[in-house]
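Pasting a structure here, questions to come.
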Amino acid sequence: MLAQLTPGSGDDGPVRVPRVPAREAAERELADPRYHQNDPNLLQRALDWLWDRIGDLFEAAAGATPGGWTGLLAIVLVVLLLAVALRLRLGALRRTPTSGGGALFGDRPRTAAEHRAAAERHAADSRWTEAVQERMRAIVLALEERTLLTPGPGRTADEAASEAGRVLPAHAERLRAAARTFDDVTYGGRPGTAQEYAALSTLDTDLRHSKPQLSAAPQGSAV
């Protein structure tokens, strides 16, 4: 409503501004960027909203849990402990060489020389995990090619080491160590090292110059 003023009366009473124009003027003034320099950005507002919702969920959970917040925290702690225990247990199973493992070779047949060459290429690039794997495959295939081992496509590294150790008992312990190294880097997630590759390379060379114990070798085997 407009103020009623008598012209020339000299009355300095308050001037009333119409309601709608006043609101629009206030909105324009508040829209000035100077008033919003310190406002949180869109991401901050979204995060604030998310934390508010999470807080609401915890409040509701605490209200429905015996013991309130104490009971809820106890439940969360138990769940975390169970998750950690399960993770450690599964990790231990993957790292156990005798837990079953997997086949030593893939689907595509290759010769010992091919695996040996692949190992050398990986070693030249300091890719020790792959170098260890390929060298172990070369060792087993070389024994199969000499008919000291019966070919077994599904054979594991441990099985191959055990069989080869009976034919070449002087190298049985080194063969078992090589198999453990293969399992650790292949199924245990541990990276191979230059020292491990050097040990397998030396074993490979020694085996190529070793003669089997004929009484322990498979029937019909030859050097």
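Kindly provide the set of residues from region 48-68 that are of a type outside the set (Lys, Arg), at pLDDT 70 or above and open to solvent by 70 Å² or more (accessible area, probe 1.4 Å), ordered by number.
Within region 48-68, 49, 50, 51, 52, 56, 57, 59 qualify.
So which pairs qualify, if the first residue must be in region 117-141 and at positive phi, the second must be part of a helix (DSSP H, G or I) and open to solvent by 30 Å² or more (accessible area, probe 1.4 Å), the Cβ gap must be under 8 Å, and the two must be at least 6 apart or on different chains?
Pairs found: 126/194.
Restricting attention to region 176-188, does a residue exist that is closer than 13 Å to residue 207 by Cα, assigned to a helix (DSSP H, G or I), out of contact with any Gly (no Cβ under 7 Å at 6 or more places or on another chain) and free of Cβ contacts under 8 Å to residues at least 40 places away in the same chain? Before you say what the answer is, go through the steps one by one.
Step one: filter region 176-188 for residues closer than 13 Å to residue 207 by Cα, giving 178.
Restricting the remaining residues to those that are assigned to a helix (DSSP H, G or I) gives 178.
Now drop any that are not out of contact with any Gly (no Cβ under 7 Å at 6 or more places or on another chain), which leaves 178.
With free of Cβ contacts under 8 Å to residues at least 40 places away in the same chain added as a condition, the list becomes none.
No.
Something else now. Does any residue of region 101-108 turn out to be at pLDDT below 70 and of a type in the set (A, V, I, L, M)?
yes
Now a separate question. With at pLDDT below 90 and of a type in the set (A, V, I, L, M) as the only criterion, which of 142, 222, 178, 172 stands out?
Among 142, 222, 178, 172, only 222 is at pLDDT below 90 and of a type in the set (A, V, I, L, M).
Then there's this: Looking only at region 121-140, which residues are closer than 21 Å to residue 184 by Cβ and either among the acidic types (Asp, Glu) or open to solvent by 20 Å² or more (accessible area, probe 1.4 Å) (or both)?
Keep residues of region 121-140 that are closer than 21 Å to residue 184 by Cβ, which gives 122-123, 125-140.
Matches in region 121-140: 122, 125, 126, 127, 128, 129, 130, 133, 134, 137.
Taking region 165-176, which residues are open to solvent by 40 Å² or more (accessible area, probe 1.4 Å) and of a type in the set (A, V, I, L, M)? Write out each step before concluding.
Residues of region 165-176 that are open to solvent by 40 Å² or more (accessible area, probe 1.4 Å), as a first pass: 166, 169-170, 173-174, 176.
Within region 165-176, 170 is the sole residue that qualifies.
For the list (1) open to solvent by 60 Å² or more (accessible area, probe 1.4 Å); (2) farther than 16 Å from residue 205 by Cβ, I need the number of the one condition that residue 162 fails.
Here residue 162 clears every test but (1).
Same structure again: Taking the condition modelled with pLDDT under 95 and in contact with a Ser or Thr (Cβ under 7 Å, 6 or more places away or on another chain), does residue 191 pass?
Criteria met by residue 191.
Now a separate question. Run down 181, 193, 147 and say which single residue is open to solvent by 40 Å² or more (accessible area, probe 1.4 Å), within 25 Å of the chain's Cα centre (by Cα) and of a type in the set (Ser, Thr, Tyr). Break it down into steps so the answer makes sense when it comes.
Working: 181 fails: open to solvent by 40 Å² or more (accessible area, probe 1.4 Å); 147 fails: within 25 Å of the chain's Cα centre (by Cα).
None of the others qualify; the one that does is 193.
The values are calculated or read from the model by the stated rules, or taken from the named source; none is laboratory data. Computed from a prediction, not measured in an experiment: that's the story for all the values here. Cβ sites come from the backbone with ideal geometry, for glycine too, and all protein chains shown count toward neighbours. The area values use the complete protein model at the heavy-atom level, side chains included, leaving out ligands, DNA and RNA. Shrake-Rupley method; radii C 1.70, N 1.55, O 1.52, S 1.80 Å.
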